[in-house]
Structures are given as C-alpha cells and as structure tokens.
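Following: one structure in structure tokens, then a few remarks.
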Amino acid sequence: ERVEFVGYFHQVIDRFEMNLPEHIKLLRDMPKGQYEVWMDKDKMTQVLDNIISNAIKYSPEGGEIRLKVENRRHHLQVSIQDQGMGIAYDKLEKVFERFYRADKARTRKLGGTGLGLAISKELVEAHHGQIWAKSKEGKGTTVFFTLPLMNQKRRGR
Ligand code: ATP
Ligand code: MG
C-alpha cells in the first residue's frame, strides 16, 4: 500500500515511547514534507521493531537513540543510531546472517535468537531497499536502510 513514511515512522516511535526503559532517550530527526513509499506496513513495522529493539537492548544507561530519515532524491535513507557497545568491524556483515550473535558471552544474558536482523534484511530487500550497519566498538552502532520513493505528488498552484 501507499504510505506516507515520516508520519508512519513517528507513529512507530510513539509506540516505543509508551513503553521505554527510563534510562533511554529517543531523538527524532525527520525531514519536512511528505514522502510516499510503497510498502507492506506490517512487514516494515517488523523491520523497525527489530532494529529499534536492538538499539534499546544494546544501549547503556542514559543512552540516546537517534532515529533519522533523509531524503536522497530517489529513495529515503532511514537510520537508527545508538551509543551502545558497538559491533566489531569484522562482524558488521555477519550480524545480518541467521542465528548470528556477535560476542556470545556478552549477548547471552540479553536474550534473543539472532534472527532479528536476518529477517529485517529479507524484508528490506523485498521492498527493493538495502540494509547495512556502521559501528565503533565502545561508541555505538548505526543501522541504515533505504526505501525507494514513489513519484511525489506535484504541488498545485
Ligand atoms: P533477536 O533479534 O532474534 O531477538 P538478537 O538481537 O541477538 O536476537 P539480531 O537482532 O539479528 O539478533 O542481531 C544479531 C547480533 O548483532 C546481536 O546478537 C548483537 O550481537 C548484534 N547487534 C545487533 N544490533 C546491535 C546494536 N544496536 N548494538 C550492538 N550489537 C548489536
Ligand atoms: Mg534483535
């Protein structure tokens, strides 16, 4: 279905705000205007739930999570940046594989199966987008994905 992405993303974040651990802060960085994307809302919600849950799960006390949408002309670039433990450079691609969990000892106590990002990758690619991550160990992680923009409505005059 045709969805205005920025409004939809705000709604997803609002839902997280209602049930947020006290020590976490969500910051929004959204463009002005309306950006129409062709997507399956339920599937995109699964993608965002996975990525935002990870950011919360791997955030330290007092951590800030920046949720950003950028207009890149033919697509939107969405990013979720945290200030958590980070992911080692040589594991940045592996975290998108099924059942892969970086640093077993550290993540075991946090729970999870290692499927979240693998599913997110499948779903983003089904929407003709790409997904990747950047990270600095001890500083934080940013997960990015893109979504093709639909032809924008022309302004009336
Ligand atoms: P699940 O999502 O299935 O509950 P999970 O969170 O362990 O389990 P993924 O979401 O696929 O699995 O993430 C894979 C691994 O990547 C994680 O186990 C963790 O080691 C690492 N990871 C993912 N997101 C972050 C993040 N924001 N900061 C640090 N490490 C991360
Ligand atoms: Mg996860």
Selection over segment 22-35 where residues are over 14 Å from residue 79 (Cα atoms) and within 18 Å of the chain's Cα centre (by Cα) yields a count of 3
Only one of (1) among the β-branched types (Val, Ile, Thr); (2) at pLDDT below 95; (3) part of a strand (DSSP E or B) fails for residue 142. Which number is that? (2)
Residues in segment 36-65 that are under 14 Å from the mean Cα position of the chain (by Cα) and touching a residue at least 60 places away in the same chain (Cβ under 8 Å): how many? 10
Checking 47, 37 in turn, the sole residue that is surrounded by 12 or more Cβ atoms within 10 Å (Cβ to Cβ) and more than 15 Å from residue 133 (Cβ to Cβ) turns out to be 37
For residue 70, indicate whether it is surrounded by fewer than 20 Cβ atoms within 10 Å (Cβ to Cβ) and either at pLDDT 95 or above or of a type in the set (A, V, I, L, M) (or both). yes
Which residue is modelled with the lowest pLDDT, if the candidates are limited to segment 88-105 and must be over 19 Å from residue 47 (Cα atoms) and not acidic (Asp, Glu)? 105
If a residue must be surrounded by 14 or more Cβ atoms within 10 Å (Cβ to Cβ) and in a helix (DSSP H, G or I), how many such residues does segment 114-130 contain? 9
Of all residues making up segment 1-15, the number that are more than 16 Å from residue 151 (Cα to Cα) and either at pLDDT below 95 or in contact with a Ser or Thr (Cβ under 7 Å, 6 or more places away or on another chain) (or both): 1
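Yes or no, residue by residue, for (1) at pLDDT below 95; (2) surrounded by 18 or more Cβ atoms within 10 Å (Cβ to Cβ):
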position	(1), (2)
53	no, no
76	no, yes
83	no, yes
112	yes, no
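The values are calculated or read from the model by the stated rules, or taken from the named source; none is laboratory data. Everything numeric in this text was worked out from a predicted model, so none of it was measured. Using ideal geometry, Cβ is built from the backbone for each residue, glycine included, and neighbour counts are taken over all protein chains shown.
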